[in-house]
Amino acid sequence: MSKTIFITGAGTGLGKGTAIGLAKKGHHVIAAVEIMAQITSLREEAEAAGVTLEVIKLDITNERDQQLIDEYDYDIFVANAAIGEGGPIAEIPVDRVRDIFETNVFSTLENAQIAANKFMKKEKGKIVFLSSVAGLVGMPYLAAYASSKHAIEAFAKAMKAELEEFNVQVATINPGPFNTGFNDRMFEEKWKWYNPNKNLTPEKSMSNMEQLLENQYDPEDMITKMVEVIEADHHAFRTAYPQEIEDQMKDEEQKTWDARV
């Protein structure tokens, strides 16, 4: 059955692919993009794919834009928009961490609250938070981003329990590293403040972590999985993908319990 799905961060990467993928399955997709320039490009890509999207400009940190979440009627809300930044947490300027939290945590929660209130009144609906493998696995030189996704995990688990009495579903999707350009940009951001001649963390130490960029997955596989989960009537609370990422997340959690200091 066709559903109306509202997805943020649909101008790029997995969000864009998922919006188009859901439309191909016959759903009415309200695709929210961050800036006006992305509206035309997304409409053109949708047309090339043979589908129609309702594309709107919605910066999730902008209070006026957030009002659109309340104005539309939809069955599923997908909180996908996010930003990221790499670098050593012992040295990263805290104002940059605040910026990440403003988007990934506070604004995402504001958005989700608007959708939650609509669904509570209707006593039906579903909220899907885009988390990450980093939402459970604390990775060196990705702590600023990972900590924001840890917060999303806590929001999602609490909201799931709180909204069950209203017949509202809440779930997370936790992608591994996919080759959309997001991870590459995240590691590049540190060069706006990191200076190898001044900072104490050796550049080589971070370079070792950045080797994961050489082994990123094909985003089309993740888009297919996201479409499958988002449109489904029932599915797991947490969807980590691919399977080896799910296994890694579970293994890392056990290592944390076993670790000594």
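The values are calculated or read from the model by the stated rules, or taken from the named source; none is laboratory data. It should be emphasised that the depicted structure is a prediction, and the values quoted were computed from it without experimental measurement. In this analysis, Cβ positions are derived from the backbone assuming ideal geometry, glycine residues included, and neighbour counts consider all displayed protein chains. Please note that ligands, DNA and RNA were not included when accessible areas were found on the heavy atoms of the full protein model with its side chains. Shrake-Rupley method; radii C 1.70, N 1.55, O 1.52, S 1.80 Å.
Looking across the stretch 78-125, just one residue is farther than 21 Å from Asp65 by Cα and touching a strand residue (DSSP E or B) at 6+ places or on another chain (Cβ under 6 Å), and that is Gly125. Taking the stretch 47-62 as the range and being touching a residue at least 12 places away in the same chain (Cβ under 8 Å) and under 21 Å from the mean Cα position of the chain (by Cα) as the test, the residues that pass are Leu53, Glu54, Val55, Ile56, Lys57, Leu58, Asp59, Ile60, Thr61. Suppose the filter is polar (S, T, N, Q), in a loop (DSSP other than H, G, I, E, B) and open to solvent by 50 Å² or more (accessible area, probe 1.4 Å); does Asn208 pass it? Considered against the rule, which asks whether it is polar (S, T, N, Q), in a loop (DSSP other than H, G, I, E, B) and open to solvent by 50 Å² or more (accessible area, probe 1.4 Å), Asn208 comes out as no. Applying the condition of being free of Cβ contacts under 8 Å to residues at least 24 places away in the same chain and either in contact with an Asp or Glu (Cβ under 9 Å, 6 or more places away or on another chain) or of a type outside the set (Gly, Ala, Ser) (or both) to the stretch 158-187 and asking which residue is most open to solvent (accessible area, probe 1.4 Å) yields Glu165.
Please work out if Val97 is among the β-branched types (Val, Ile, Thr) and more than 30 Å from Phe187 (Cα to Cα). Considered against the rule, which asks whether it is among the β-branched types (Val, Ile, Thr) and more than 30 Å from Phe187 (Cα to Cα), Val97 comes out as no.
Sub-6 Å Cβ pairs linking a first residue in the stretch 210-239 that is polar (S, T, N, Q) to a second residue that is open to solvent by 50 Å² or more (accessible area, probe 1.4 Å), at least 6 apart or interchain, are Gln216/Asn179, ordered by first then second residue. A search for C-beta distances below 7 Å between a residue of the stretch 80-103 that is assigned to a helix (DSSP H, G or I) and at pLDDT 95 or above and any residue that is of a type outside the set (Phe, Trp, Tyr) and open to solvent by 40 Å² or more (accessible area, probe 1.4 Å), counting only pairs 6+ apart in sequence or on different chains, returns Ile100/Ile83; Glu102/Thr61; Thr103/Thr61; Thr103/Ile83.
Can you confirm whether Tyr217 is among the aromatic types (Phe, Trp, Tyr) and open to solvent by 40 Å² or more (accessible area, probe 1.4 Å)? Taking the combined requirement at face value, the residue satisfies it.
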